[in-house]
1. Cut-off 10 angstrom, C-alpha nodes, Gaussian network model of chain B. Which of B:73, B:57, B:130 fluctuates the most?
2. Just to be sure I understand: with springs between alpha-carbon atoms less than 10 Å apart, which residue in A:31, A:12, A:79 has the highest mean-square fluctuation in the Gaussian network model of chain A?
3. Between residue B:252 and residue A:112, take the C-beta separation as r, use R0 = 56 Å, and let me know the FRET efficiency to the nearest 0.05.
4. Kindly provide the GluC sites (Glu not before Pro) of the stretch B:17-94 that DSSP labels as loop, not H, G, I, E or B, and whose Cβ sees at most 14 other Cβ atoms within 10 Å.
5. If you plug each phi of the stretch B:130-140 into the Karplus form 6.51 cos²θ - 1.76 cosθ + 1.60 with θ = phi - 60°, what whole-Hz ³J(HN,Hα) values come out, in order, with x for Gly and Pro?
6. Is there a pair in B:12/B:205; B:12/B:157; B:127/B:246; B:17/B:275; B:12/B:234; B:205/B:246 whose C-alpha atoms are over 21 Å apart, and which pairs would that be?
7. Quickly work out the residue B:75-to-residue B:259 label distance, labels modelled 7 Å from Cα along the C-beta direction, and quote it in nm with one decimal.
8. Could you work out how far apart the two model spin labels at residue B:165 and residue B:230 are, taking each label as a point 7 Å from the Cα in the direction of the beta carbon, and quote it in nm?
Amino acid sequence: MLLMISSQGDSLHSQPSLRFGRAPYFIQYDLNSDEWAAYQNKAVMESGGAGVVAAQFLSDHETDVALSGRFGPNAHQALSAAGIQMQTFDGQYETVQDVINGYKSGNLTGVS
Amino acid sequence: MNALKIAVASGKGGTGKTMVATSLATSIVPEFKVNFIDCDVEAPNAHLFLRPEIKETQPANIRVPVIDEDKCTACGICVQICEFHALAKLMDRILVFPQLCHGCGSCQRNCPEGAIKEISRQIGSLKAGTTGAGIQYYRGELTTSEPMPTPIINQVKKWADPDENSVTILDSPPGASCSVVATLHDADFVLLVTEPTPFGLHDLKQMLGVLSQTGSPGGVIINRDGIGDENVEKYLNRTDYPILMKIPYENRIAFGLAKGHILSEFMPVYKARFKKLFQTMLGRINGGRSR
């Protein structure tokens, strides 16, 4: 089960990003092995279509669940088409690790 | 005289682009055949001053891709080719995002399976008419919620199709983004309107950066002269861009504009000033051509 969390930095201690397509980094977290990896989000520099590029990236990395503050309309459509679940968090989460813990305990908000 | 294009742009919004563009157009007609194109397709407003009678309207369409699922092998070439990320490959299917599509046609031309056809999608409309003073008037209108102004700007410019011996005045959108570049990239002269404030200077610098890329000659009008500070003038004195006119910050100008009147009509002294400005621009354009 692979999570991808939008993040301001490149570690589990980084502040999570409330934006999806324009997040500076994505943190991939494997719930089965607790292994993680950080990826720079190349979509952040795009003049348009960042949400689609980011969703394509998640799909190519076989993400099961995307966690972010908010998903734009294009990202939402693309992630839905890719069969990737979406859950949102708010500004109270201080680190990516907190978001992961919040996901594990079922405290995040599902997006249909 | 060849067909001449003069773009009026600003960087900062609300500096007086439309005031300048409408005054310039009104001052040189009927001596010259004048086309006026309102390229601010997200919020066109020059018609409030020029009051043209609209005689023709046509849809502004772009061609967007449709995937033939039977032929598509989901090879993903179209996704890699699309500069605008209007296509994505998800779960072995190609998904189209029509609102991101610029209608360039690259996906269709590069699909090895011939699985992409294009359909028309309306994103706005084009309008044309004439004003009482005899100005040929054109504008583009982007449909509310559509994100992409540039195709409409290109279409309205193409539609206007200025002939020899005409002067075309392009009223640009604010900012220094794609829609501004689409408006002024082929202009013979770019007239920048700014105000003497830090914000005016900041955005003016951005516009001078755009002009250094497009290579168009340009000059600056300082509007609301008397407010703010000296820094715009000081800055321009260190560049090759001349200050062509200063328009003072005056109540009667604001009152006249608020009534929807054209500056060079309610204050005729400006008619003479804009005529002279036009001659100055002609001189600078021809000077540049002979070099």
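What follows draws every value from the coordinates through simple rules; no lab data is involved. On a predicted model such as this, the values are computed, not experimentally measured, just so you know. Because the Cβ atoms are built from the backbone with ideal geometry, glycine has one as well, and the counts that use them run over all protein chains shown.
1. Comparing B:73, B:57, B:130 in a Gaussian network model of chain B, the most mobile one is B:73.
2. For chain A, modelled as a Gaussian network with Cα springs under 10 Å, the answer is A:31.
3. With a Förster radius of 56 Å, E is 0.45.
4. B:31, B:69, B:83
5. Taking θ as phi minus 60°, the curve returns 10, 9, x, 7, x, 7, 6, 10, 9, 8, x Hz for the stretch B:130-140.
6. Distance filter (> 21 Å) returns B:12/B:157; B:127/B:246.
7. Simple spin-label model gives 6.7 nm for this pair.
8. About 4.9 nm separates the two model spin labels.
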